[in-house]
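Everything below concerns the one structure shown next.
The values are calculated or read from the model by the stated rules, or taken from the named source; none is laboratory data. As the structure is a prediction and not an experimental result, all values here were calculated from the model. Ideal geometry is used to build each Cβ from the backbone, glycine not excepted, and the neighbour counts take in all protein chains shown. For the accessible areas, the whole protein counts, side chains as well, though only heavy atoms, and no ligand, DNA or RNA atoms are used. Shrake-Rupley method; radii C 1.70, N 1.55, O 1.52, S 1.80 Å.
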Amino acid sequence: MLLQIKNLKINYKSDNRMVEVVRGVDLDIDRGECVGLIGESGCGKTTAGLSITKLIPERKGNISSGEILFASNDILKLNPEELRNIRGKKISYVFQEPFSSLNPVFTIYEQIRESLEEKDNPGRRIAEILKSVGLEKIIGRKNAYPHELSGGMQQRAMIGMAIASRPDLLVLDEPTTALDVTVQRQILDLIMELKNKMNLAILFISHDLRIVFNIADKIAIMYAGKIIEFGPKEKIVSSPAHPYTIGLIDSIPSLEHRKKPFNAISGKAPLFSELPQGCKFYPRCRFRIDKCTEKEPELRDVSGGQASRCIRIEELKSNGTIKNR
Ligand SMILES: Nc1ncnc2c1ncn2[C@@H]1O[C@H](COP(=O)(O)OP(=O)(O)OP(=O)(O)O)[C@@H](O)[C@H]1O
Ligand code: SF4
Ligand SMILES: [Mg+2]
């Protein structure tokens, strides 16, 4: 396994006290595999992704426990120099806003050169990278600045910088959210192509289930700082095993039923400072019973590689209340 996150807990400072926002996350990603991490705004996706190379700002938060094994080394135990050899090199990031991630005062060439592992003959390698991210137009244009590119091209340049060091793992945090739909599709195709060509492992963070269904091999659904369901994409699509996942799938507006209002999940995600007892989804769950408040459900295997934190899922499926799709 390339990346193994075990029982990861992260706190942030809020109103002068520490609040746990990642509350014990376990997640594995293998080489060549894309894991989609999905959940509503504020559930802890970005925080979990940043922590993989200890990018949580020290003044604001801390990783209080857990292990992050990358090629069997615990990243949380590395010294600053060892960490520098991994961050941005073996593990690279691409974020939502390409323009704010690119430095406006340096050319695209200069910025890709900065990310290169080998510094010999950079022109050739930069041309190779530009080609592989579909920016043939820029090859040879050594004085092209970020503002001369469209949003989609800027994101291609960011992806170019991220793969320049030939990483093993890419963390993509909402990489297409700022782009329009056609460009989104092109960027997703590019990511898939690079994944296959480079045998990249990808953590693809998104709040958009449709995108994750398109791109991921496995899906982790996060709610209030924990993974509440995990499994192969096909399983999650055909046989979701947590009421929250079912709510997310039902709230995807379908093209055939444009006029039908989509069924958003009622209520709001709880504040981390006021989490309910027991199952954290209880206040919003259509299937809740008193027993759900007794203790927070464990993530249990429910069938071939699919795990859920709902204590009622087997019962609800076997009595037909929850049907497969
Ligand atoms: N720098 C910070 N200082 C204090 N609290 C923070 C900080 N960054 C995030 N948080 C809090 O941590 C929680 C998780 O935030 P995070 O950004 O990881 O969520 P997310 O799932 O990525 O959301 P989104 O979909 O909006 O990007 C939120 O409650 C947020 O308010
Ligand atoms: S444990 Fe209970 S409240 Fe939580 S998701 Fe399952 S049925 Fe709903
Ligand atoms: Mg985020």
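For this structure, a couple of remarks:
- Residues being of a type in the set (Gly, Ala, Ser), in contact with a Leu (Cβ under 7 Å, 6 or more places away or on another chain) and within 16 Å of ligand 3 (Cβ to nearest atom) - total across segment 180-235: 2
- Some residue of segment 295-302 being exposed (fewer than 11 other Cβ atoms within 10 Å of the Cβ) and in contact (Cβ under 8 Å) with a residue 12 or more places away in the chain: no
- Flag set for Ser132, criterion: within 30 Å of Leu69 (Cβ to Cβ), among the hydroxyl-bearing types (Ser, Thr, Tyr) and in contact with a Lys or Arg (Cβ under 8 Å, 6 or more places away or on another chain).
- Test: residue in segment 68-90 that is within 16 Å of ligand 3 (Cβ to nearest atom), crowded, with 17+ Cβ neighbours inside 10 Å and modelled with pLDDT of 95 or more: no
- Wholly enclosed helices (runs of 4 or more DSSP H) of segment 150-253 bearing at least 2 residues free of Cβ contacts under 8 Å to residues at least 12 places away in the same chain and either closer than 23 Å to Thr107 by Cα or open to solvent by 10 Å² or more (accessible area, probe 1.4 Å) (or both): 181-198
- Ser308 of a type in the set (Ser, Thr, Tyr), within 18 Å of Ile221 (Cα to Cα), at pLDDT 95 or above and open to solvent by less than 30 Å² (accessible area, probe 1.4 Å): yes
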